[in-house]
Amino acid sequence: MLESLGRHGTAIKNAHDRSKARRLLNSLPPEIQKDIGWPVSPRSSEKAALINTIWSAAR
């Protein structure tokens with residue numbers, strides 16, 4: 001049981017680390033994202049505007 005719990009904990013930590021790295025890369029300016037080969041995040045797209053509207057309404 002502890003072995004299984006350890007595997008789940010490791011999987012959660014790995015997912016968190018990947019998410020943190022993705023957020024960091026998405027926060028870089030688009031020029032730098034393009035230079036390193038990271039797809040430019042859709043900051044000005046309609047989808048981003050919709051998400052911002054939803055989150056601001058939830059507060």
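At-a-glance table
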read-out: Condition broken by Ile51, with the remaining ones in (1) open to solvent by 80 Å² or more (accessible area, probe 1.4 Å); (2) modelled with pLDDT under 90 satisfied; value: (1)
read-out: Among (1) modelled with pLDDT under 80; (2) in a loop (DSSP other than H, G, I, E, B) - the single one Trp38 does not satisfy; value: (1)
read-out: Matching residues in the stretch 1-24 - criterion: being more than 14 Å from the chain's Cα centre (by Cα) and open to solvent by 70 Å² or more (accessible area, probe 1.4 Å); value: Met1, Leu2, Glu3, Leu5, Arg7, His8, Thr10, Ile12, Lys13
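The values are calculated or read from the model by the stated rules, or taken from the named source; none is laboratory data. Predicted, not measured: the structure shown is a model, and the values here were computed from it. Ligands, DNA and RNA are stripped out before the accessible areas are found, and what is left, the full protein with its side chains, is counted by its heavy atoms. Shrake-Rupley method; radii C 1.70, N 1.55, O 1.52, S 1.80 Å.
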